[in-house]
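Engineer: If you scroll down you'll find the structure; I have some questions about it.
Bear in mind these aren't lab numbers, they're just calculated from the coordinates by the rules spelled out. Bear in mind the structure is a predicted one, so any value in this text is a computation, not a measurement. So basically every Cβ, Gly included, is an ideal-geometry build from the backbone, and we count neighbours across all protein chains shown.
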Amino acid sequence: MDDHAHRQLAFLQHCDEIRRDGFICGDREIDTWFRNKSINHHKNRVHIVTCVCFDDELGKPIGFYALSVVVEDATKLPNVGYRPFFGNPQYFPCLGLVYVGVQQTLQGRGIGSTMMGRVITEFADIGEEIGLPLLILTPLNSRAAAFYRGLGFAAYKKG
């Protein structure tokens, strides 16, 4: 039986007490960003980074996600109601899931799906309140794309 199965997850805003050096999800770009840039990006509000830890190991992340407001081209997604970005009808703001990662040794145990449930809930709260019509995900590789498709997300443009 999985010794992690009954442990509770804690969702924490990124801070200096989160140890980033031991986190490895297996994707070089994500791992490097988390170790070297995530805390500064969070502090400077480039992204809002949420770290996921077991509640009995709050400084040791087992996963994280980074959200940011992004601008999308309205011509790529017709028939979606939106507020134009600074009055320009071609673009609209969305909430973007910029990075997401789960500790490599814990992948395949539902932690990523739980994190995505939290992302969707946050989007529902934030999006409705400030008028963001869509949650945009940009998979960095085919494995991430398959994970998102498995959760019910659909592609709306190539790339």
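Engineer: How large is the helix-only mean residue ellipticity at 222 nm for the chain, computed as the sum of -39500 (n - 2.57) over DSSP H runs with n ≥ 4, divided by its residue count, in deg cm²/dmol to the nearest 500?
Structural biologist: So the helix-based figure for the chain works out to -8500 deg cm²/dmol.
Engineer: If I take R0 = 25 Å and measure r between the Cβ atoms of Lys76 and Lys43 in this structure, what FRET efficiency does the formula 1/(1 + (r/R0)^6) give, to the nearest 0.05?
Structural biologist: 0.20
Engineer: Can I ask one more? Give the angle, between 0 and 90 degrees and rounded to the nearest 10, that separates the Cα long axis of helix 111-130 from the longest principal axis of the Cα atoms of the chain.
Structural biologist: Around 40 degrees separate the two axes.
Engineer: Binning at 5 Å from 0, report for the chain what percent of all alpha-carbon pair distances ends up in each bin.
Structural biologist: Percent of Cα pairs in each bin: 2, 8, 17, 21, 19, 15, 9, 5, 2, 1, 0, 0.
Engineer: Separate question: Evaluate the distance, in nm, between pseudo-label points positioned 7 Å from the Cα of Tyr156 and of Ser113 along their respective Cα→Cβ axes.
Structural biologist: So the two model labels end up 2.5 nm from each other.
Engineer: Set the Förster distance to 25 Å, then compute FRET efficiency between Glu29 and Ala146 from the Cβ-Cβ distance, nearest 0.05.
Structural biologist: Numbers: r = 18 Å, r/R0 = 0.70.
It comes out at approximately 0.90.
Engineer: Another one. Please work out the FRET efficiency for the pair Asn36 and Asp56, using the Cβ-Cβ distance as r and a Förster radius of 25 Å; give the result to the nearest 0.05.
Structural biologist: With a Förster radius of 25 Å, E is 0.35.
Engineer: Amide H of Glu72 versus every other amide H placed in the peptide plane: which residues, excluding those fewer than 5 positions away on the same chain, fall under 5 Å?
Structural biologist: Phe92, Cys94
Engineer: Over the chain, with a Gaussian network built from C-alpha contacts below 10 Å, which listed residue (Ile39, Ile130, Ile24) shows the highest mean-square fluctuation?
Structural biologist: Ile130
Engineer: Could you tell me whether region 109-159 comes out rounded, prolate or oblate from its Cα gyration tensor? Rule is a ≥ b ≥ c as square roots of the eigenvalues, rounded for a/c under 1.5, then prolate if a/b exceeds b/c, otherwise oblate.
Structural biologist: oblate
Engineer: So, one more: Just to be sure I follow the rule: in the chain, considering lysines 8 or more places apart or on different chains, how many pairs have Cα atoms under 30 Å apart?
Structural biologist: 6
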